[in-house]
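To start, the structure itself, in structure tokens.
No lab work stands behind these numbers, since they all come straight from the coordinates. Fair warning: this is a prediction, and the values are worked out from it, not measured in the lab. No Cβ is skipped: glycine too gets one built from the backbone with ideal geometry, and neighbour counts run over all protein chains shown.
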Amino acid sequence: MHEGSVPAPPPALARTPGACYPRPTFVVRNPEAMSDQPAPSSPIPNGQPAAPLQLNIQYTKDLSFEVPGAPDIYVTLREQPRVDLSLDVQARPVPGGPNIYEVELQIRADAKAADRPCFIAELSYCGVFTVNVPQEHLEPVLLVECPRLLFPFARNILADITRDGGFPPVMLAPIDFVALWQSRRAQAGSPPVGNA
């Protein structure tokens with residue numbers, strides 16, 4: 001090997017064009033079982049408290065794109081499709097550690113032109129967050145702040161999948177997650193708890 005050159009990877013790790021790459025494996029460990037690690041709510045080693053919100057990982061949980069009228073729709077489409085969008089946010093605790101939650105953005109886009117379906121796109125985009133806030137702030141953090149962090153990535157996935165499906169990309173406008181959370185609380189009969 002010459003100085004400054006990079007050694008070739010072992011044959012088992014060599015990448016070939018078009019090969020599928022292995023997916024990384026993520027393990028969520030129980031912090032209480034790891035005695036040499038501080039608990040998420042305890043101060044980190046340099047004496048500062050743990051961050052109130054940490055995004056551990058984000059991922060596409062489910063993605064579906066369907067063109068019910070293909071291939072005819074591509075030949076007969078003469079107008080911009082009308083796209084009806086629905087969006088929902090769900091949050092749930094993740095077993096295996098305190099203060100760890102999965103937040104899921106669910107987006108559905110139904111496109112029609114002249115009352116004919118053009119495409120249906122469904123995306124479930126998630127993030128696993130460590131949240132260290134008082135209990136009274138937990139709901140707005142999970143249903144407002146966490147989705148704000150995930151939204152730009154979900155927006156790009158939806159635009160890419162519709163463009164790659166042969167249609168103009170669906171570019172979602174920014175979402176007011178505070179208003180979405182407040183309307184959800186109003187429907188459930190709970191008064192909104194301030195602004196997040």
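With a sphere of radius 11 Å drawn around the Cβ of Asp110, what net charge do the other residues whose Cβ falls strictly inside it have (Lys, Arg +1; Asp, Glu -1)? Each step should come with its number before you reach the end.
Values: positive: Arg82, Arg108, Lys112; negative: Glu66, Asp84, Glu122.
Net charge in that neighbourhood comes out at 0.
May I ask you to sort Arg185, Arg92 by Cβ crowding, counting other Cβ atoms within 10 Å and putting the fewest first?
Details: Arg185 16, Arg92 10.
By the 10 Å Cβ count, ascending, the order reads Arg92, Arg185.
Around Ser86, what is the net charge, scoring Lys/Arg as +1 and Asp/Glu as -1 over all other residues with Cβ under 13 Å from its Cβ? Please report the intermediate quantities before stating the final value.
Working: positive: Arg108; negative: Asp84, Asp88, Asp110, Glu122.
Around Ser86, the surrounding residues sum to -3.
Using Cα pairs closer than 8 Å and at least 6 residues apart in sequence, work out the relative contact order for the stretch 55-188, in percent. Spell out each step's value before the answer.
Working: 217 pairs, mean separation 33.9, N = 134.
Relative CO of the stretch 55-188 lands at 25 percent.
Counting Lys and Arg as +1 and Asp and Glu as -1, each charge on the Cβ, what is the dipole of the stretch 55-188 about the Cα centre in debye, to the nearest 20?
140
Return the sequence-ordered ³J(HN,Hα) values of the stretch 95-101 in whole Hz as given by the Karplus equation 6.51 cos²θ - 1.76 cosθ + 1.60 applied to θ = phi - 60°, using x for Gly and Pro.
Taking θ as phi minus 60°, the curve returns x, x, x, x, 6, 10, 9 Hz for the stretch 95-101.
Which Cα, out of Phe153, Val178, Thr130, lies furthest along the positive dipole direction of the stretch 55-188 (beta carbon charges, K/R +1, D/E -1)?
Val178
Which whole-Hz ³J(HN,Hα) couplings does the stretch 58-64 yield from phi under the Karplus relation 6.51 cos²θ - 1.76 cosθ + 1.60, θ = phi - 60°, glycine and proline marked x?
9, 6, 8, 7, 8, 9, 9
Report ³J(HN,Hα) in whole Hz for each residue of the stretch 102-112, in order, from the Karplus equation J = 6.51 cos²θ - 1.76 cosθ + 1.60 where θ = phi - 60°; Gly and Pro get x.
Coupling constants for the stretch 102-112: 9, 10, 10, 9, 10, 10, 10, 10, 10, 10, 9 Hz.
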